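Enquirer: Got a structure for you, written out below as structure tokens; questions coming shortly.
The values are calculated or read from the model by the stated rules, or taken from the named source; none is laboratory data. Because the structure is predicted, anything quoted here is derived from the model rather than measured. Heads up, the Cβs are rebuilt from the backbone with ideal geometry, glycines too, and the neighbour counts pull from every protein chain shown.
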Amino acid sequence: MEKLFIKNRKGENIAVLVEKNESQKGLAFVMHGLSGFKEQDHIAIFADAFKEKDFTVVRFDTTNTFGESDGKYENATMTNYYEDLEDVIKWAQEQKWYQEPFVLSGHSLGGMGTTLYAEKYPKKVLALAPISVVVSGKLIMEAHKRGLTRNSG
């Protein structure tokens, strides 16, 4: 496993984990959700599922989260999550192990980011695995008001 830091379009550091597979059959990018980080247990489990199928896996901490990347949590937005995903993929395109089409997997806000990427660049994406994806801030707030979420007290 290789950990490194790359710069996003704003010049901020993004912490990236690359788990290369010598017999690579594919490439997968795995993205955490809001307040998440690349080493969370469920993110590692998603990555392991791809590694077991001989994929090279890229995980990263978006900026403005609790991981090792730059930024402050209170500044987190869907836009910065999505742009960081684009920037990581753009960086990956320059690496020897890069291949298209690739797989995208993301949890919660990361699932929304990966889904938006697949919508914008469908020819680059082999498969999409959004897990517990955020679909609408308005719907989430309505669910909280009606007591339909686990965190609604």
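Enquirer: So is I14 over 15 Å from L109 (Cβ atoms) and of a type in the set (V, I, T) or not?
Expert: Against the criterion (over 15 Å from L109 (Cβ atoms) and of a type in the set (V, I, T)), I14 qualifies.
Enquirer: Then there's this: Going by what's in this entry, would L34 be described as in contact with a Leu (Cβ under 9 Å, 6 or more places away or on another chain) and under 19 Å from V134 (Cα atoms)?
Expert: yes
Enquirer: OK, next. If you check every pair at least six apart or on different chains, which have Cβ atoms under 8 Å apart with a residue in the stretch 10-39 that is among the acidic types (D, E) first and a residue that is surrounded by fewer than 18 Cβ atoms within 10 Å (Cβ to Cβ) and assigned to a strand (DSSP E or B) second?
Expert: Here the result reads E19/E2, each pair linking the stretch 10-39 to a residue that is surrounded by fewer than 18 Cβ atoms within 10 Å (Cβ to Cβ) and assigned to a strand (DSSP E or B).
Enquirer: Going by the conditions given, is I14 among the β-branched types (V, I, T) and in contact with a Ser or Thr (Cβ under 7 Å, 6 or more places away or on another chain)?
Expert: yes
Enquirer: Output the number of residues of the stretch 89-115 satisfying the condition of being loosely packed, with under 13 Cβ neighbours inside 10 Å and not in a loop (DSSP other than H, G, I, E, B).
Expert: Within the stretch 89-115, residues that are loosely packed, with under 13 Cβ neighbours inside 10 Å and not in a loop (DSSP other than H, G, I, E, B) number 1.
Enquirer: Filtering the stretch 25-52 down to residues that are over 19 Å from M112 (Cα atoms) and of a type in the set (K, R), which residue is surrounded by the fewest Cβ atoms within 10 Å (Cβ to Cβ)?
Expert: Filtering the stretch 25-52 for residues that are over 19 Å from M112 (Cα atoms) and of a type in the set (K, R), the one surrounded by the fewest Cβ atoms within 10 Å (Cβ to Cβ) comes out as K25.
Enquirer: Out of S136, S105, I need the residue that is closer than 16 Å to V88 by Cα and either in contact with a Ser or Thr (Cβ under 7 Å, 6 or more places away or on another chain) or modelled with pLDDT under 85 (or both). Which one?
Expert: Every option except S105 fails the conditions.
Enquirer: Among the residues of the stretch 116-136, which ones are exposed (fewer than 15 other Cβ atoms within 10 Å of the Cβ), outside any loop (DSSP other than H, G, I, E, B) and of a type outside the set (A, V, I, L, M, F, W, C)?
Expert: If the condition is that a residue be exposed (fewer than 15 other Cβ atoms within 10 Å of the Cβ), outside any loop (DSSP other than H, G, I, E, B) and of a type outside the set (A, V, I, L, M, F, W, C), then E119, K120, P122, K123, K124 are the ones that fit.
Enquirer: Cβ-Cβ below 9 Å, separation at least six or inter-chain, first residue in the stretch 103-115 and of a type in the set (K, R), second surrounded by fewer than 24 Cβ atoms within 10 Å (Cβ to Cβ): which pairs?
Expert: none
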